[in-house]
Amino acid sequence: MVDTRDLKSLGLYRLCGFESRFEHSFKDTAKTFVEMVGVRLLRSSLTALLLLGVLHASASDYRFNLYLGIGPIKMKAGTAHLYDTEVIYNGRAAVRTAMEMSTNSKADKVFCLRDTIESFNTKQGESIYFIKKVNEGGKHNRETAQFSMDRDKYIVNLETWDMNTGKRTSRSTEWRPTRIFDLMSMIAFTQKIDTSDSEPGRTESLPMVNGNMVVEQYLVYTGNKKVKADNGRTYDCMVISIRDYKEGKERETVKAYVTNDSKHTPVQLDIILGAGTSIKAVLK
C-alpha cells in the first residue's frame, strides 16, 4: 500500500496521475466500489472480527483500528469495539456479547457505517438470541435470530426489519439435524480448537446464521506467524482462513491472526475483497 503523502514528497504525485485520479474521482470510485461489495465487506468484517476475538465467560474487552485499502490508497477507516459481560437472560445464566463498529469522519465521506451486534448465549456457547443493527449509508436494518429445539431438530426463526419504513422485509424458519451457530456461539466453538497437534489444512465446517438464511462457514488452520499489533507488541499467532463457497467455488474471505495460546487474543485480520481492495483490523 502507498500513502499519497509519500508520493507527494517524492515529486511523483502529479507524474503518476494521482492528483486527477485520486482527488477528483476517488470519492466516486470508492462509492461505486462500496455499492458493489459493501454488503459483503461489512458482513465479512463483522463475521471475521467476531470470529477473531475468542471471548470467555469472564469479561473481555478488545479494541481495533480499521484500515481500508482501495488500489494503492491506504486510509485509516475507523474503530471496532468487542466486549462481553455475564447476565441473566429469561432466568438463565448467559453471556451477553456486544460489538460496535464505526467509520471515522474521513471514511464517512466515502461510506458511513455505524453497526452494532448483540448476542446472548449460554455459558456453554449455545445460541439463545442474536440481534444485528445495520446502519450503512442509507441502509438501516435490524436482523434477529431466535434459537430453540424441538425433539431432535435445531430451529432458528429469522426476521429482518427495514427501520426506515418500520416494515418487516423477510421472515423465515430454518432447521438442521445438527446445532446452528450464530457469530458468538461460533466464537465459543473456536475457543476449544487446539492446533498444537494439528497440521496445516485442518478444517472445521459449521452452519451459521447470516441474514435471513443459514450458510456453511469453513475455518481452516494454515499455520503460525509472528504479527505486530498497533500496541507495538509482536505476537506468535496461529493463522485461520475463513472460507465459503460461491457458485460452487471455494473462496477465502478472511485471514485471521490469533495468539497461539489459551487466551486466543485477536491481533489482526485481513478481509480479502479482490480487485485490489481490502480491509484490515488491527488490535490497539
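The values are calculated or read from the model by the stated rules, or taken from the named source; none is laboratory data. All of these numbers come straight from a predicted model, not from anything done at the bench. Neighbour counts are summed over all protein chains in view; Cβ atoms, including those assigned to glycine, are modelled from backbone coordinates with ideal geometry.
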>> Can you go through ALA93, ALA98, ALA145 and tell me which one is part of a strand (DSSP E or B), in contact with a strand residue (DSSP E or B) (Cβ under 9 Å, 6 or more places away or on another chain), small (Gly, Ala, Ser) and farther than 21 Å from TRP161 by Cβ?
In response: ALA93
> So which residues in segment 196-232 are touching a Lys or Arg at 6+ places or on another chain (Cβ under 9 Å) and hydroxyl-bearing (Ser, Thr, Tyr), if there are any at all?
Replying inline: THR203, TYR218, TYR221, THR222
> Does any residue of segment 171-179 turn out to be in contact with a strand residue (DSSP E or B) (Cβ under 7 Å, 6 or more places away or on another chain), closer than 23 Å to THR97 by Cα and not in a strand (DSSP E or B)?
Replying inline: yes
> Restricted to segment 235-249, and to residues that are exposed (fewer than 13 other Cβ atoms within 10 Å of the Cβ) and free of Cβ contacts under 8 Å to residues at least 24 places away in the same chain, which residue is farthest from SER205 (Cα to Cα)?
Replying inline: GLU247
> With segment 234-281 as the region, which strands (runs of 3 or more DSSP E) entirely inside it contain at least 1 residues that are at pLDDT below 80 and on the phi > 0 side of the Ramachandran plot?
Replying inline: 266-274
> How many residues does segment 86-99 contain that are under 20 Å from the mean Cα position of the chain (by Cα) and free of Cβ contacts under 8 Å to residues at least 40 places away in the same chain?
Replying inline: 2
> Of the residues that sit in segment 216-233 and are part of a loop (DSSP other than H, G, I, E, B) and of a type outside the set (S, T, N, Q), which one is surrounded by the most Cβ atoms within 10 Å (Cβ to Cβ)?
Replying inline: ALA229
> Counting only residues that are at pLDDT below 90 and either of a type outside the set (Ser, Thr, Tyr) or outside any strand (DSSP E or B) (or both), how many does segment 53-65 have?
Replying inline: 8
